[in-house]
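Remarks on the structure that follows.
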Amino acid sequence: MEIIRLENVTKSYRLGRQKVKALKQVTLSVEDGVFLAIAGPSGSGKTTLLNLIGCIDDATTGKIFIDGVDVGDKTANELADLRARTIGFVFQTFNLLPVLSAEENVEYPLLQQKQLTKAERKERVRHYLEVVGILKYAAHRPNQLSGGQRQRVAIARALAIHPRIILADEPTANLDHKTGYVMVRLMK
Ligand SMILES: Nc1ncnc2c1ncn2[C@@H]1O[C@H](COP(=O)(O)OP(=O)(O)OP(=O)(O)O)[C@@H](O)[C@H]1O
Ligand SMILES: [Mg+2]
């Protein structure tokens, strides 16, 4: 089954008088369960593409379907809901909340999953902190962690919601080869 579909998607940014065409007519189809890597030089539009698939930004032209749903028809609230249930995003710049501990950062999106009891939620958080090797640093805030440790908290946060889709933007950029390999296997 097709989980992601893009049809002739274009994204332009306007900065003052300058217009940047970040994506030009992208058509893409991704089946459920597929592991896909997108490679390209800096500035080629990789993050832009992930932001559109992750419903964080909208396309200038073209259509995007997530799990069969045309995201162009949805309100901001509906998109937030779709994201919370369907998409785990590992951002290039992590986007951890600075005032929350590693544990609280992973727990935060789970608060929306009302079917989980508090005990189940805490257990889920600890499990994912453990699999990314950060359990020992559960109480640390992001500024008390190394870049690679922050990256692993971001990976734990994305995995913990059990999303249908994981979007990971250069998720191993701050990791050594071995840790990076383990993280990619986890996401697979
Ligand atoms: N919010 C924005 N406003 C204006 N221009 C932007 C914005 N975000 C991205 N761009 C431009 O769009 C183009 C694609 O950027 P993008 O961040 O998608 O590239 P990338 O492939 O992820 O690069 P990198 O490998 O360096 O992360 C670049 O020319 C960038 O300057
Ligand atoms: Mg990028």
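In table form, for the structure just shown:
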| quantity | calculated |
| --- | --- |
| Extreme residue, positive dipole direction of the chain, given options VAL90, ASN174, ILE56 (C-beta unit charges) | ASN174 |
| Order by protection proxy (mean Cβ within 10 Å, highest first), peptides 114-125, 89-100 | 89-100, 114-125 |
| Region 116-176 - percent relative contact order, Cα under 8 Å, separation 6 or more | 35 percent |
| Dipole magnitude of region 97-163 about its Cα centre (Cβ charges: Lys, Arg +1; Asp, Glu -1), debye to nearest 20 | 40 debye |
| Calculated [θ] (222 nm, deg cm²/dmol) that DSSP helices of n ≥ 4 give over the chain, each run adding -39,500 (n - 2.57) | -10000 deg cm²/dmol |
| Entries of LYS46/LYS74; LYS46/LYS178; LYS114/LYS178 with Cα pairs more than 29 Å apart | LYS114/LYS178 |
| Mean shadow area of region 65-152, taken as a quarter of the surface of its Cα convex hull (nm²) | 6.8 nm² |
| About the Cα centre, charge dipole magnitude for region 53-188 (Lys/Arg +1, Asp/Glu -1 at Cβ), debye | 540 debye |
| Options PHE65, SER12, HIS140, ranked by Cα towards positive dipole end of the chain, top entry (Cβ charges) | HIS140 |
| Net charge, LYS118 excluded, C-beta distance under 13 Å - Lys, Arg +1, Asp, Glu -1 | +2 |
| Region 1-133 - Rg (one decimal) and Dmax (whole number), Cα, Å | 17.1, 53 |
| Estimated translational D of region 130-188 in µm²/s (Stokes, Kirkwood radius over Cα pairs; 4 °C; 1.567 mPa s) | 110 µm²/s |
| Mean separation of Cα contacts under 8 Å, 6 or more apart, over the residue count of region 1-156: relative contact order % | 20 percent |
| Coarse-grained scattering of region 8-81 at q = 0.13, 0.26, 0.27 Å⁻¹, given as base-10 log I(q)/I(0) from a Debye sum over alpha-carbon atoms | -0.42, -1.38, -1.42 |
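Every number here is computed from the coordinates shown, using simple stated rules; none is lab data. Predicted, not measured: the structure shown is a model, and the values here were computed from it. Methodologically, a virtual Cβ is constructed for each residue, glycine included, from the backbone with ideal geometry; neighbour enumeration extends over all protein chains shown.
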